[in-house]
Every structure is written in structure tokens, then in C-alpha cells.
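First comes the structure, then the notes that go with it.
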Amino acid sequence: MSALHQALLRDFRRMSRNGGLESGGVECQAATTADGLNRQWFVGWLIARGATVYYDAIGNEFGLFELCPGAPYVMVGSHLDSQPRAVRFDGAYGVLAGATVCAELYRAAPSGETELTYNLCVGNWTGSAPGRASSPVDVRRAATRKRSDVVEPRPRRRT
């Protein structure tokens, strides 16, 4: 197993502790303490790998890896929140796996290991799993906005 794969699994196990159930599943519904802990952890993870983090008006998180200023973004992601008593791999694995790929491509690009002509973005949709927060329709509606429509009051970047 590669070091990158081992790191992904380690990070996923770490994230799955927030809201973890004895059954091996998670209870990490939107706007709960467990969801907040995962979102906070994920922001630190993104920043440590060079991303700039932005939020839109309904709390969707976007980790932006800018490689080509002015170029469009290729976006991947899912949701860190879960259905009630969900399996661990509900949406969180999609966010973390996509973010891992983006971070690795971002790391490799300056050395010439890979050539990218687009920027990379990983999204964590808020309230994507129906239940406590906004509906999936609201999340998708927000996701269709242009990049310039994303509210950027709280960019975070390690200095």
C-alpha cells in the first residue's frame, strides 16, 4: 500500500471518530457538534496542503488549489455530514479522497511531475444529507453559482 493511500486511510479514520458509533457508522448530521468538528479539522487539512478555503452564503466549504491564475476550476467533492446513523463512507470519503487527489496534484505540479492547465477545487456541501440543515435542492442551487458569486468573507490561509 502506498504512503499516500496509508495517509488517506489514517485521515479518514481520524475524521470518522467525530460522530463515530460503536457499530462502525457515524452520526454526523449537518450543524451538529460532530459536523462542526469535521469541518474544522478539514479546513486545517486543506490549509496545511496549500489550499485557500472559502465559504458561500449557506456554508458550503470550498478548498481552492490555484495552479493557473485565471483558469477555470475542476471541482470534486461530496459532503462531510451524514444521514442519521449512516455508514462511515456516506459522503465523507468522497470529500477526503477528492481532496487528497487535488492536494497531491497541487504538490506535484511545480516539480513538473504533472502538468495542469486548470485549477482544482474540493467542495464540502452543507446539509447535503437531508435532515437538520438546508435541503439538497438549496445546496445544488448554491453550487450552480458562478465563482464570482461565492461569498468570501472568511478566507483562511496559513501564513
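The values are calculated or read from the model by the stated rules, or taken from the named source; none is laboratory data. If you're wondering where the values come from, they're calculated on a predicted model, not measured in any experiment. Glycine also receives a Cβ, built like all others from the backbone with ideal geometry; neighbour counts cover every protein chain displayed. Remember, those area values only see protein heavy atoms, side chains included, never the ligands or the DNA or RNA. Shrake-Rupley method; radii C 1.70, N 1.55, O 1.52, S 1.80 Å.
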Options LEU105, LEU21, TYR55, ranked by Cα towards positive dipole end of segment 6-113, top entry (Cβ charges): LEU21
With DNA, RNA and ligands ignored, accessible area of MET75 (1.4 Å probe; Å², nearest 10): 80 Å²
R0 of 30 Å, Cβ-Cβ distance THR33-HIS5: FRET efficiency to nearest 0.05: 0.50
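Would segment 1-44 count as rounded, prolate or oblate if I go by the C-alpha gyration tensor, calling it rounded below 1.5 in a/c and otherwise prolate when a/b exceeds b/c, oblate otherwise?
Details: a/c = 3.89, a/b = 1.52, b/c = 2.55.
Oblate.
Using only the Cα atoms of segment 1-94, build the gyration tensor, take square roots of its eigenvalues as a ≥ b ≥ c, and label the shape rounded, prolate or oblate: rounded if a/c is under 1.5, else prolate if a/b is larger than b/c, else oblate.
On the way: a/c = 2.24, a/b = 1.43, b/c = 1.56.
Here segment 1-94 falls in the oblate category.
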Accessible area of GLU104 in the full protein assembly, 1.4 Å probe (Å², nearest 10): 60 Å²
Label-to-label distance, nm, for residues given as GLU115 and VAL87 (7 Å Cα→Cβ offset): 4.0 nm
